[in-house]
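**Q** Sharing a structure, written as structure tokens. Questions coming.
The values are calculated or read from the model by the stated rules, or taken from the named source; none is laboratory data. Please read all numbers here as calculations on a predicted model, not as lab measurements. Neighbour counts run over all protein chains shown; Cβ positions are idealised from the backbone, glycine included. Heavy atoms of the whole protein, side chains included, go into the accessibility calculation; ligands, DNA and RNA do not. Shrake-Rupley method; radii C 1.70, N 1.55, O 1.52, S 1.80 Å.
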Amino acid sequence: MAPIVHRTPCKQSSTLNAITGSEVSLKLENLQKTGSFKVRGAFNKISQMTELECARGIIAASAGNHAQGVALAGRERACR
């Protein structure tokens, strides 16, 4: 996963800390190449596909974050 999925930092939210009276940290997954954590699951699944499955191609029935993760992982794996 390392080539396309980055370790993202956690940051304290002073606003949410004040509202909740607790310490609230936010995981900055918006810093991923696709802008979302969805690339993690897509990459995990696509990396486990056989060569034959990959050669048959992949389809994402979405135009959102998950589809962007599937597209990026598929491109990196050279799926059709």
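**Q** Can you pull the percent of the chain's accessible area that's carbon plus sulfur, 1.4 Å probe, other chains left in place?
**A** Ligands and nucleic acids excluded, carbon and sulfur reach 55 percent.
**Q** Using only DSSP helix segments of four residues or longer, with each worth -39500 (n - 2.57), what per-residue ellipticity at 222 nm results for the chain after dividing by its residue count and rounding to 500?
**A** The per-residue figure over the chain is -12500 deg cm²/dmol.
**Q** Let me ask something else about it. Enter the angle in degrees (range 0 to 90, nearest 10) between the Cα long axis of helix 38-47 and the first principal axis of the Cα atoms of the chain, meaning the one along which they spread out most.
**A** 30
**Q** Now for a different question. What fraction, in whole percent, of alpha-carbon pairs in the chain exceed 16 Å separation?
**A** Tail of the P(r) past 16 Å holds 56 percent of the pairs.
**Q** Given labels modelled 7 Å from the Cα in the Cβ direction, how far is it in nm from L52 to S14?
**A** 5.9
**Q** When you count, for each residue, the other Cβ atoms within 10 Å and take the mean per peptide, how do 39-51, 23-35 rank with the highest first?
**A** Packing proxy ranking, top to bottom: 39-51, 23-35.
**Q** For the chain, find the longest principal axis of its Cα atoms and tell me its angle to the long axis of helix 65-77, 0 to 90°, nearest 10.
**A** 50
**Q** Would any residue of the stretch 31-57 have its amide N under 20 Å from a label point 7 Å out along Cα→Cβ of R80? List them or say none.
**A** Taking a point 7 Å out along Cα→Cβ of R80, the residues of the stretch 31-57 whose backbone N falls under 20 Å are 46-57.
**Q** I would also like to ask the following. For S22 and H6, compute 0.36 nm times the residue count separating them, minus their Cα-Cα distance, and round to one decimal in nm.
**A** Result: 3.0 nm gained on full extension.
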